[in-house]
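J.: Please read through the structure below; I'll follow up with questions.
Read-outs throughout are calculated quantities, based only on the coordinates presented, and are distinct from any laboratory measurement. Since this is a predicted model, take the numbers as computed values, not measurements. For neighbour counting, all protein chains shown are included, and Cβ atoms are generated from backbone atoms with ideal geometry for every residue, glycine included.
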Amino acid sequence: MSKIKEKALGAAEKKAAYGPDLDLSSFKHKAGKHAYKADLAGIPEAEKAGMADAGMILSGEKRTGSYIQMDHSPVHCSVREEGVEILPTMEALKKYKGLKDYWWKAVDVGADKYTARTELDFHNGYFIRAAKGVKSLFPVQACLYLSEEDISQNVHNIVIVEENAELHIITGCTTAPHLERALHIGVSEFYIKRGATLTFTMIHNWGEEVAVRPRTAVWVEEGGTYLSNYVCMKPARSLQMAPAIRLMGEGAVTRLNTILVARKGSEMDVGGSVHLEAAGTRAEIISRTISTGGNIIARGLLVGYEPGVRAHLECNGLMLAESGNIRAIPELDGRVAGVEMSHEAAVGKISQEEIEYLMARGISEAEATALIVRGFLNVEMEGLPAELKQEIDRVIAESGKSLM
Amino acid sequence: MSLEINNLSVEVGDHEVLHDINMEIRTGETHVLFGKNGSGKTSLLMAIMGFSRYRITKGSIVFKGTDITRLPINERAALGIGMSFQRPPTIRGLKTRDLVELLSRDNGGETESHAKSLNFSEFLDREINHGLSGGEIKKSELLQLMAQNPDLILLDEPESGVDLENIALIGKVIKKLLQKNLRRLRTKSGLIITHTGLILNYLEADRGYLLLDGGMKCHGNPREMFNTICNLGYEECARCQR
């Protein structure tokens, strides 16, 4: 038995550090097969709308490539640009002989029962690599789709951005309209080499009873940049994630933006940690959370290991209902003198003063509230192509309407 | 008649801040409110605009013949009342440009040229009132009023925190908003709070009032009143009991 397997077996029952514990045996291991479609247009109509809501463009236009997986089956995989490679992870493992420099390197397989489960019961995922110096113009899109009731989908994704390459990925995770309950576990290991940039935009659009446990870790080398934008406007029953970013090389930069909404009945425990391990590294974590009755824990952790590193953390929460709860937990951990790290956190309801100020301009109370909420969610997403920014704005505006 | 206030009393919390106020502003007229800090001037403007914190306990406010005493703020605005705030809130994520364009939907959308006339162009893409200086805030307020184009303009200390050059600029814009160039056909009216009286150098006002401890103590020619206040103080001005 391999060391990895052994470790996974050892952690099979290990509870996660955060978030409600899930009974994995209550989810089905096996799922029905979906047919592979060589052409994106072949994706069934019924599934297209949900995928589009999660940011997918199913004509494939303005996309460098596409990967679509339904339940356990990769149903489409294509690339339009030289120098970018997209494969189902299982194929990549074969092609690259186990991906030994990348497979369970950034994420610890023994971290908890969810990582362990992904190893022991592995359902593909995407492998995306941008070759050295390649600067892709359009984003690669990846969609992980759940359609079968009560299954668990355990994917393992690997992204490698080679030296001085530039890659945008937009990933949409979503569920079929009829689906009520399922589990999505996504292990993602991203490797950003010297001088490379990865912009990773993730849009989640879940069914009401879905449980979600992403396990993401990112290694950023010298001069590399990792920009992450996470938008979850259609919340799951239970979501817990805490991507861990290591800025390992001099001058590496990261910025994590999170925008999410928790409706009544949702438990969302989200956050991120950044380890500033090298000189001149910089980080920013920004989260804007809204509770319309659900419970949110918004975490953020910055750890500074070198003098002169700079980092800032912002957790702002808006309560739109009488029930629900938002806990902001910003943490700063300076391991050496001379780190510059700061945080701000604010949780509250919309200020009556702001609403009335806008009303004095002739705007109705409902419209004023909507303007303030949209403003609250309007995070400047640096480094995002205009087209992706529009996509995110559209998702927020669409979902924002139903919040009021 | 533009505005009629009859026996108005207003409370904030448990405290009565205005007692039995009466005033009338005829269409086309500009009136000025004087008074010490805390005398109730801002409260009067906020009550006319309809802010929930300013609870009307007695009396009525009539605007263009309609009793607006119980109307929500936005309906008062829709009827044609607009206000420039002294300390407006910051609204994060909402750009001044976007709000002004929204307000000028029916007024031809002249955002850029209006901003230019106020030397405000470079601030258009800032979030509403975020990180603006006192003078810039006044300009932002006026820009919003230009888009709104109200018939009754309530100005709360439009010149406070503004440097001398910009006071001239702001004075010019207010003069235009109040149609001071028109004499007979003027439809715009104004009610202005001023401490420094500087704004009076840029526009003619028809009547002044002195508020003291929430009560209306005097009214008269605004220039004369301002001179009395400057030379002899608020109490002396109140003593003449006109």
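J.: Can you sort B:D163, B:D14, A:D39 by how many other beta carbons sit within 10 Å, fewest first?
T.: B:D14, A:D39, B:D163
J.: Starting at the first residue of region A:250-255, write each ³J(HN,Hα) from the Karplus equation 6.51 cos²θ - 1.76 cosθ + 1.60 with θ = phi - 60°, in whole Hz, x for Gly and Pro.
T.: Taking θ as phi minus 60°, the curve returns 3, x, 5, 9, 9, 9 Hz for region A:250-255.
J.: Moving on to the next point. For region B:46-66, list residues with backbone N below 19 Å from a point placed 7 Å from the Cα of A:I350 toward its Cβ?
T.: Under 19 Å, as judged by backbone N against the label point of A:I350, lie B:50-53 of region B:46-66.
J.: Given B:K139/B:K217; A:K234/A:K389; A:K62/A:K389; A:K5/A:K33; B:K58/B:K138; A:K132/A:K389, which pairs have Cα atoms separated by over 20 Å?
T.: B:K139/B:K217; A:K5/A:K33; B:K58/B:K138; A:K132/A:K389
J.: What ranking of A:W104, A:W206 emerges when the number of other C-beta atoms within 10 Å of each C-beta is taken as an exposure proxy, fewest first?
T.: The fewest-first ordering by Cβ neighbours comes to A:W104, A:W206.
J.: Here's another thing I want to ask about it. Subtract the Cα-Cα distance of A:A397 and A:D150 from 0.36 nm times their separation in residues, and report this length gain in nm to one decimal.
T.: Length difference between fully extended and current span is 85.9 nm.
J.: Test of understanding: ordering A:V274, B:V12, A:V373, B:V162 by Cβ neighbours within 10 Å, fewest first, what list do you get?
T.: B:V12, A:V373, B:V162, A:V274
J.: FRET efficiency for A:I4 and A:A41, Cβ-Cβ distance as r, R0 = 51 Å, nearest 0.05?
T.: After rounding, the FRET efficiency stands at 0.85.
J.: Which whole-Hz couplings ³J(HN,Hα) result when phi for each residue of region A:327-337 is put into the Karplus expression 6.51 cos²θ - 1.76 cosθ + 1.60, θ = phi - 60°, listed in order with x for Gly and Pro?
T.: Listing the rounded values in order: 10, 9, 10, x, 10, 10, 9, x, 9, 7, 5 Hz.
J.: Continuing with this model, one more query. Could you please state, rounded to a whole Å, how far the C-alpha centre of region A:31-91 is from the C-alpha centre of region B:39-96?
T.: Rounded to whole Å, the Cα centres lie 55 Å apart.
J.: Report the dimensions of the protein assembly as shown along its three principal axes from the alpha-carbon atoms, largest first, rounded to Å.
T.: 101, 50, 43
J.: With +1 on the Cβ of every Lys and Arg and -1 on the Cβ of every Asp and Glu, and nothing else charged, how large is the dipole of chain A about its Cα centre, in debye rounded to the nearest 20?
T.: Here the size comes out at about 940 debye.
J.: If packing is taken as the average number of other Cβ atoms within 10 Å across a peptide's residues, how do A:2-13, A:325-336 rank, most packed first?
T.: The packing order, highest mean first, is A:325-336, A:2-13.
J.: Next question. How shielded is B:82-93 by partner chains, expressed as the average number of their Cβ atoms within 10 Å of its Cβ atoms?
T.: Neighbouring Cβ atoms belonging to other protein chains average 5 per residue here.
J.: Viscosity 1.306 mPa s, temperature 10 °C: give me the Stokes-Einstein translational D for region A:202-317 in µm²/s, with Rh taken as the Kirkwood radius over C-alpha pairs.
T.: Rounded to a whole number, D works out at 110 µm²/s.
J.: Still on this structure: Evaluate E = 1/(1 + (r/R0)^6) for B:V12 and B:E101, where r is the Cβ-Cβ distance and R0 equals 25 Å; express this FRET efficiency to the nearest 0.05.
T.: Approximately 0.15, to the nearest 0.05.
J.: Alpha carbon centre of region A:118-154 versus region B:139-183: separation in Å?
T.: One Cα centre to the other: 57 Å.
J.: When Cβ neighbours within 10 Å are restricted to other protein chains, what is their mean count per residue of peptide A:363-375?
T.: Across the residues of A:363-375, the mean count of other-chain Cβ atoms within 10 Å is 4.
J.: Still on this structure, I have one more. Let me confirm one metric for peptide A:349-359, namely the mean number of other chain beta-carbon atoms within 10 Å of its residues' beta-carbons.
T.: Going residue by residue through A:349-359 and averaging, the value is 6.
J.: Further question: Using θ = phi - 60° and the Karplus relation 6.51 cos²θ - 1.76 cosθ + 1.60, list the HN-Hα couplings for region A:30-38 in order, rounded to whole Hz, with x at every Gly or Pro.
T.: Values, residue by residue: 9, 9, x, 8, 10, 6, 6, 10, 5 Hz.
J.: Just grab the label-to-label distance for B:E236 and A:E322, each label 7 Å out from Cα along the Cβ direction, in nm (one decimal).
T.: Placing both labels 7 Å along Cα→Cβ, they lie 5.7 nm apart.
J.: Further, regarding this structure: Using amide H atoms built in the peptide plane, which far-off residues or other-chain residues are under 5 Å from B:M83 H to H?
T.: For B:M83, the qualifying residues are B:L154.
J.: Here is a further query. What's the FRET efficiency of B:R184 with A:S25 using the Cβ-Cβ distance as r and R₀ = 60 Å, to the nearest 0.05?
T.: Once the sixth-power term is evaluated, E becomes 0.10.
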